[in-house]
Amino acid sequence: MRDCSWLFKSPGKENFGNIRPDNFKCCSDRTDHLPCWGYNCIAWAAGKSDKWWWPVAGDPCAFWPIPIEPIDPVSLEQFIKAFKSEGFSVCKNGEFENGFEKVAIYVDDSGEPTHAARLLPSGVWTSKLGRGEDIEHETVEVVEGKLYGKAKSFLKRPNPLCQKPNQLKTWFSRLLEFLRTQLKRFFPTAKRNQTSS
Amino acid sequence: MSKAIQKYKSYGNLTPSFDVVKRDITDYQKINWKEMYESSNEKHCRFEYGKQAFLIAAILFSHPDKYSFASLNPNGYVRVDFKQSQIPSSSVIPRIDSRLFYVPNKLDIESAGNAKLKAEFNKLIAQWREETFSISSLTKIYAHPAYQRIMAMGTAGLPFVLRELQNNQGHWFYALKFMAGEDGKDIAAGLNNYEDARAAWLEWGYNNNYI
């Protein structure tokens, strides 16, 4: 079910204080009906969507790309190591860089990782919200808040698909989107009439 | 771990409710099996399964020299073999003549007074699902108070968790490992595949009369 309206109800509302209807887009169905709930934000940030990534040893529902011991603490360093094993390296910030895809790792007040997001070639970020939907959000800050804390570390890896969007093309697509919205606003029944005729 | 606990766990199929286990271990050294049996009728009658298990455990612990053997049959009866001339009088244990004690199927705990536990389980699972919906951290998901409370149900909560695993999806292997204690610590060891681990746990639950 693709329905992100829960983000504006309790407890989602309190956890995602920066989310507004105009700064994110709901992009997938939720995955809580899948075995082990499908995949999570860490897997999604690494470009995978078949496992729930979390460093828990001996749990058939948890996957971690590098070996872990049961006594290993869940730390930012451990997450950085995991992303490095996927070809990422630490970088300064989440700004778009031609030829690179980036991930942001979020930590809570205690410094424990909570979430990860990935920068798309289009220049927006994508996040999987727990066992909920994937969303696209304009900035890393959109999903910051009570639940995920703040984006603390950034990593990047080469991806030729990540090229800065052509400014002219961007403006043109925005203009097209605007015209489409206006058309819908002034002729809301146009489509229905067309279908019935 | 005390001798009493070890001995009790060796009769894993008979593990009763927490109240009973606690009392059993506390009083193990000074046990008067007749008194314990009678008090179990009064104080633990809510837990039919626990009461019966308590009875068997009390007998075995207090008179290991008199009773040589106890086993749980698939039909839910516990057979206790007494040594010759050591059979207690029927006035103390009414059903002793048959030498069989009925232990209700573990699923019966719902109908035998554990409807309250089931209601609590349903409430906890709904709360846990809602409050962890957007969390990715398994550390936080497993540390959630509702999940911890379910884990604290121990063997009494196993039928509910196994049924949840059977009917719905979810992260239950972590809880199951702790709830089943020594008996269940190796059930899914080394299995990295969800379906294999799920099948192993459900088979174990079936074999041990939990589902």
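A few comments on the model shown:
- Across the stretch A:78-108, the number of residues qualifying as among the hydrophobic types (A, V, I, L, M, F, W, C) and in a loop (DSSP other than H, G, I, E, B) comes to 2.
- Residue ID - farthest from the chain's Cα centre (by Cα), chosen from residues in the stretch B:164-180 that are modelled with pLDDT of 85 or more and within 7 Å of another protein chain (Cβ to nearest Cβ): B:HIS171
- Of all residues in the stretch B:181-203, those satisfying the criterion of being modelled with pLDDT under 85 and not acidic (Asp, Glu) are B:GLY181, B:GLY184, B:LYS185, B:ILE187, B:ALA188, B:ALA189, B:GLY190, B:LEU191, B:ASN192, B:ASN193.
- Test: residue in the stretch B:157-167 that is in contact with a Cys (Cβ under 7 Å, 6 or more places away or on another chain) and closer than 28 Å to A:LYS9 by Cβ: no
- Qualifying residue in the stretch A:85-93 (condition: at negative phi, in contact with a Cys (Cβ under 9 Å, 6 or more places away or on another chain), at pLDDT below 95 and in the same structural domain as A:ALA46 (by TED's automatic domain parsing)): no
- Where a residue in the stretch B:191-211 is on the phi > 0 side of the Ramachandran plot and its partner, wherever it lies, is among the basic types (Lys, Arg) and modelled with pLDDT under 80, with Cβ under 7 Å and at least six apart: B:ASN209/B:LYS106
- Qualifying residue in the stretch A:29-48 (condition: farther than 23 Å from A:SER75 by Cα, surrounded by 13 or more Cβ atoms within 10 Å (Cβ to Cβ) and more than 13 Å from chain B (Cβ to nearest Cβ)): yes
- Any hit, the stretch A:31-50, residues being under 19 Å from the mean Cα position of the chain (by Cα), within 15 Å of A:TYR148 (Cα to Cα) and not hydrophobic (A, V, I, L, M, F, W, C): yes
- When the stretch B:110-163 is filtered for residues that are among the β-branched types (Val, Ile, Thr) and within 12 Å of chain A (Cβ to nearest Cβ), the ones remaining, listed by number, are B:THR132, B:ILE135, B:THR139, B:ILE141.
- Condition met for B:ILE187 (assigned to a loop (DSSP other than H, G, I, E, B), within 15 Å of A:ASP59 (Cβ to Cβ) and more than 7 Å from chain A (Cβ to nearest Cβ)): yes
For (1) of a type outside the set (Phe, Trp, Tyr); (2) over 23 Å from A:SER28 (Cα atoms); (3) away from chain B (no Cβ under 14 Å); (4) surrounded by fewer than 16 Cβ atoms within 10 Å (Cβ to Cβ), each residue gets a yes or a no:
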| site | (1), (2), (3), (4) |
| --- | --- |
| A:PRO73 | yes, yes, no, yes |
| A:LYS84 | yes, yes, yes, yes |
| A:PHE88 | no, yes, yes, no |
| A:ILE105 | yes, no, no, no |
| A:HIS115 | yes, no, no, no |
| A:GLY132 | yes, no, no, no |
| A:TYR148 | no, no, no, no |
| A:LYS156 | yes, yes, yes, no |
| A:LEU161 | yes, no, yes, yes |
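- The set of residues in the stretch A:1-58 being out of contact with any Leu (no Cβ under 8 Å at 6 or more places or on another chain), part of a loop (DSSP other than H, G, I, E, B) and among the hydrophobic types (A, V, I, L, M, F, W, C) consists of A:MET1, A:CYS27, A:LEU34, A:ALA46, A:ALA57.
The values are calculated or read from the model by the stated rules, or taken from the named source; none is laboratory data. If you're wondering where the values come from, they're calculated on a predicted model, not measured in any experiment. Counting neighbours? That spans all protein chains shown, and the Cβs are built from the backbone with ideal geometry, glycine included.
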